[in-house]
Amino acid sequence: MSNSTNNPTMVKAKALPVAFCPHCGALTATDARFCNACGEQPAPEPPLDRTPTPSPVEPPEPTESTRERSFVAPSSARRRPWLVGAAAAAAVALVGVGLAAFWPTPDHSPEQARASLRLTDASTGQIVQRLGRVHDLHDLRAVGRAAQEQEAVLAAEAARLSPIADKDAGRKALAVIGAERELLAATSLALHVDPAHIDQWPSTRERIEAAGLRLQTTVAAARSLGAPAAIAPPATALAASLQADGHLVTHAKAKLRTWRRAYRRARRAQRRRLAALTSYDSAVSGQLSTYDGLRDDLDDWVSDTGDETIPYGRAFDELNAAADRRKDVRDALAAINPPQPLAAAHASLLAVLSDAIVAMTDAGDAAQECTSDPFCFGDDFRDTPQWRAFNDASRRITGQFAAADQRWEQAVAQMRHSIAHRRMPVAPTV
């Protein structure tokens, strides 16, 4: 019997559904139409020969040249290279699928979510802590400004987590960040809590409290990520901060109420003083205008007579009437009660008017005496010493009156300026 029939290894190989390719020697399935290695079609099995065969002869041992020739691919394999490439690609794909099944890609989304939450939780916690350490409304507005800036940072962090938004860790982390952004947006409303809008604080506080409760709900749902709580302790930190801010705002409102009452009183006093000054100015100005008219009337009377001789009786009547009208002006001014800062200037006006009345009265008395003197009859009154004395006094009184009137006007303007620019109660620092 030959070695091929007695070799147990060969018998076992025939029992398997695989065989060696006769062209390249690669292991291939027995029912394969082409070799997976060289792409050549395996040789078909020879038909069964039922004729008696001679005794088997031991085949000769193959030489090295025979082995080499048996593994050389025929020319037909070189004419079909695409079969070789397709088979290799299919093998690589099958290997990749198998490796993916046994070695799946690791999921790093929980680590990314925890890293983002550690960052956002720390920043939100700092804002809550600052909210409880404010000393005045300026500090409260500063916290609102910081919360507004931090909300923009959390928006960027939420955008960074968008690639894992469809994963459980991503959804939970984004929910927490969204609630933190809502809390920061509510806290940023403190930026508008100034003395003029301090009454907006209750609504702002309600929004912050509501946002804090929603944040705690989302943090509880994200406990599975192992992330720390956004506010520690969960509710007491925010509640304590808001309570401290409430006391601050209440104290600030009380100080502002006191200041506003004092300011309103000062404004009312200012308006009263301005109204009194305006009334006084109007009354005195009216009398001074009357006096200016009387002086113009006297000048017109002297001018109208010209070089004509003035009878003494006519001069006496005119001068006494002018003096009486000046007395009326002086009495009207004396009846006006000036403000204390204008008392001196007001007295100067009265003194000038009194001097004018005395001069006018002296001239009238002299004219009356001259009327009874036969040596004065027929002479022009304007040539008498009394008239010349009156003219001298009139020029002197005119200069005095101009100076007194100027001082009075300056005093009125200065008082008006001081009243208008009176220092009002300063708003408190709250």
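Miscellaneous remarks
- Listed residue (275, 301, 290) projecting farthest to the positive dipole end of the range 266-307, Cβ model: 275
- Derived scalar couplings between HN and Hα for the range 123-130 equal 5, 5, x, 5, 5, 5, 5, 5 Hz in order, rounded to whole Hz, by the Karplus curve 6.51 cos²θ - 1.76 cosθ + 1.60 (θ = phi - 60°), x for Gly and Pro.
- Taking Cα centre as origin and charging only the Cβ of basic (Lys, Arg, +1) and acidic (Asp, Glu, -1) residues, the dipole magnitude of the range 109-234 rounds to 360 debye.
- Relative protection proxy for 141-154, 167-180, from highest mean packing down: 167-180, 141-154 (other beta-carbon atoms within 10 angstrom).
- The range 241-354 shape via C-alpha gyration tensor axes, a/c threshold 1.5: prolate
- Fewest-first sequence of 304, 365 by Cβ atoms within 10 Å of each Cβ: 304, 365
- Spin-label model distance (nm) - residue 260 vs residue 207, 7 Å beyond Cα toward Cβ: 2.2
- The order of 34, 401, going from fewest to most other C-beta atoms within 10 Å of their C-beta, is 34, 401.
- The phi-based Karplus calculation (6.51 cos²θ - 1.76 cosθ + 1.60; θ = phi - 60°) puts the 3J(HN,Hα) values of the range 402-408 at 4, 5, 5, 5, 5, 4, 5 Hz, whole numbers, x for Gly and Pro.
- Per-residue Cβ neighbour counts within 10 Å put 23, 197 in the sequence 197, 23, beginning with the fewest.
Quick note: the coordinates plus some simple rules give every number you see, no bench work behind them. Keep in mind it's a predicted model, so treat the numbers as computed, not measured. Quick reminder, even Gly has a Cβ in these numbers, built from the backbone with ideal geometry, and neighbours come from all protein chains shown.
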